[in-house]
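Undergrad: I'd like to ask some things about the structure below.
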Amino acid sequence: MEKSSWDYWVQEALAKLESLKLLRSLRPIYLSKESNPSRKVALGVNYEVFDEMQPWDRSSVEVSISESTFQKWLLEIPSSGDEIVCGNGVTDHKVEQSKKLLLFSGNDYLGLSSHPTIGKAAAKAAREHGMGPRGSALICGYTSYHRELESCLANLKKKEDCLLCPTGFSANMAVMVALGNISSLLASAEKPPKKEKIAIFSDALNHASIIDGIRLAERQQNVEVHVYKHCDMSHLRSLLSSCALKKKVVVTDSLFSMDGDFAPMVELVKLRKRHGFLLVIDDAHGTFVCGKNGGGVAEEFNCERDVDICVGTLSKAAGCHGGFIACSKNWKKLIQSRGRSFIFSTASPVPVAAAAHASVIVAKKEVWRRNAIWNRVREFQALTGIPIKSPIISIIVGSEEKALQASQHMLKSGFHVTAIRPPTVPPNSCRLRVTLSATHTADDLKQLIAALSCCINIQEIGSNSLYAYARL
């Protein structure tokens with residue numbers, strides 16, 4: 001493959017780090033009692049999978065809250081979560097009766113959080129190694145468990161390598177800060193002059209972790225920031241064309257967490273070929289959900305090779321915890337050497353890495369889960385006439401008061417659907433954010449829609465918007 005300008009810039013930055021003795025290495029530790037983990041992974045030993053929903057799957061969407069929590073929620077009384085804590089500080093689930101709710105607000109899209117194979121993987125690792133070495137990945141926290149998980153994720157994302165991070169938030173922060181460092185490393189002066197800075201083009205509705213990472217890079221005076229209108233390729237094209245800087249980066253969510261719409265991947269790829277920018281996507285909500293193999297939004301739109309860096313999470317559809325950055329080996333070296341949120345964070349515990357590895361394998365093999373969640377999307381469309389595009393359904397009701405009233409009505413009806421308010425969304429765009437799961441059933445959807453219809457005029461939701469008129 002022909003090298004791009006970005007490949008050369010990253011190589012130059014790495015050479016500068018090496019000359020300054022600032023290039024950092026990851027050296028995996030093998031733990032005691034661990035027997036040839038690579039061989040076990042290759043054979044897929046002990047990873048039991050199923051071809052249809054099992055009874056335990058329902059625990060990922062069936063939850064309970066205490067009576068006092070229920071009442072405080074209805075009355076919108078502030079809570080610190082201490083309603084079911086006894087005087088001795090111990091949580092007692094038998095203190096009072098609980099209210100059963102059907103969860104339609106989580107991000108466990110495939111219902112894997114309750115999968116016994118994933119739980120057994122975590123338990124086995126905990127029995128054998130406890131939590132594992134407690135330190136940052138660059139010191140002693142990086143083990144063969146972490147390395148095997150990285151390899152598995154790199155394969156899933158069709159990338160040369162992968163870097164694990166404690167969270168998806170820290171992953172995005174690390175990428176943005178490392179990007180900014182390129183301009184300072186290659187600068188002809190102590191601070192990069194304007195013409196040597198990196199231009200970052202960011203979608204207006206990108207996740208807070210991307211925004212905060214960009215702000216930190218901007219604070220370090222390494223980047224010039226351009227925010228383009230949400231998914232507006234005409235605006236992005238105009239900004240790119242009028243920007244004189246050579247080093248350009250476009251960063252976007254692939255599937256937007258609050259609106260449930262996809263980034264225009266095909267148009268982004270066309271623009272990338274024309275302008276030569278680095279394309280970075282946050283595939284937090286698309287990984288394992290989209291694509292034939294669960295490879296995410298880039299696989300769904302057949303543009304995996306056109307995405308330079310793919311940030312993802314293990315805390316949503318994987319049903320576990322953590323984040324990752326799928327990229328080239330050179331980008332990995334740069335991020336692990338300059339990404340502060342990676343460098344200064346303790347590595348994920350070994351049982352978490354073991355569980356996540358099992359989850360990647362289960363998610364890929366249990367194809368029925370991806371089929372089920374997209375069946376739920378089609379059923380919701382058919383039942384409501386709302387043209388949703390993904391398992392994320394954003395029903396905008398306007399004011400905070402209306403959103404809270406709608407959420408309280410859903411709570412009384414037995415559904416956990418929270419009101420999303422500022423600062424998560426702009427003022428007067430408060431909403432109910434409904435999320436579907438592979439472990440919901442068609443009957444669940446019918447009951448949900450019946451409850452929604454009592455507080456929201458679904459018929460008034462426009463074909464181009466999920467703006468609802470509240471009945472309350």
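The values are calculated or read from the model by the stated rules, or taken from the named source; none is laboratory data. Keep in mind the model is a prediction, meaning the values are calculated, not measured. Every residue, glycine as well, gets a Cβ built from its backbone with ideal geometry; the counts of neighbours run over all protein chains shown. Side chains included, ligands, DNA and RNA excluded: accessible areas come from the protein's heavy atoms. Shrake-Rupley method; radii C 1.70, N 1.55, O 1.52, S 1.80 Å.
Undergrad: R134: among the basic types (K, R) and over 24 Å from L14 (Cβ atoms), yes or no?
TA: yes
Undergrad: Determine which member of the set F169, F201 is part of a helix (DSSP H, G or I), among the aromatic types (F, W, Y) and touching a residue at least 24 places away in the same chain (Cβ under 8 Å).
TA: F169
Undergrad: Testing S188 on (1) among the hydroxyl-bearing types (S, T, Y); (2) touching a residue at least 24 places away in the same chain (Cβ under 8 Å); (3) surrounded by fewer than 21 Cβ atoms within 10 Å (Cβ to Cβ), one condition comes back false. Which one is that?
TA: S188 satisfies every listed condition except (2).
Undergrad: While we're on this one: Can you find even one residue in region 142-152 that is out of contact with any helix residue (DSSP H, G or I) (no Cβ under 9 Å at 6 or more places or on another chain) and surrounded by fewer than 16 Cβ atoms within 10 Å (Cβ to Cβ)?
TA: Checked region 142-152: no residue is out of contact with any helix residue (DSSP H, G or I) (no Cβ under 9 Å at 6 or more places or on another chain) and surrounded by fewer than 16 Cβ atoms within 10 Å (Cβ to Cβ).
Undergrad: Quick check: anything in region 27-37 open to solvent by less than 80 Å² (accessible area, probe 1.4 Å), under 28 Å from the mean Cα position of the chain (by Cα) and modelled with pLDDT under 90?
TA: Scanning region 27-37 turns up at least one residue that is open to solvent by less than 80 Å² (accessible area, probe 1.4 Å), under 28 Å from the mean Cα position of the chain (by Cα) and modelled with pLDDT under 90.
Undergrad: Follow-up. Only residues that are under 13 Å from S437 (Cα atoms), touching a residue at least 12 places away in the same chain (Cβ under 8 Å) and basic (K, R): list them for region 368-408, please.
TA: R369, R370, R376
Undergrad: List the helices (runs of 4 or more DSSP H) that sit entirely inside region 228-339 and contain at least 2 residues that are assigned by the TED database to the domain that holds A154, of a type outside the set (G, A, S) and under 25 Å from P423 (Cβ atoms).
TA: 233-242
Undergrad: Another question about this same structure. For region 358-378, give me each residue that is closer than 17 Å to I458 by Cα and either assigned to a strand (DSSP E or B) or out of contact with any Lys or Arg (no Cβ under 9 Å at 6 or more places or on another chain) (or both).
TA: Across region 358-378, the qualifying residue is only R378.
Undergrad: What residue, of P423, P387, is more than 16 Å from G260 (Cβ to Cβ) and either part of a helix (DSSP H, G or I) or open to solvent by 10 Å² or more (accessible area, probe 1.4 Å) (or both)?
TA: Every option except P423 fails the conditions.
Undergrad: Then there is this: Of everything in region 109-141, what is outside any helix (DSSP H, G or I), surrounded by fewer than 23 Cβ atoms within 10 Å (Cβ to Cβ) and of a type outside the set (A, V, I, L, M)? Give them in sequence order.
TA: Passing the criteria: G130, P133, R134, G135, S136.
Undergrad: Where the second residue is of a type in the set (D, E, K, R) and modelled with pLDDT of 95 or more and the first is closer than 21 Å to D108 by Cβ and open to solvent by 40 Å² or more (accessible area, probe 1.4 Å) and lies in region 297-315, which pairs have Cβ atoms under 9 Å and are six or more apart or on separate chains?
TA: Close Cβ pairs satisfying both conditions: E300/K292.
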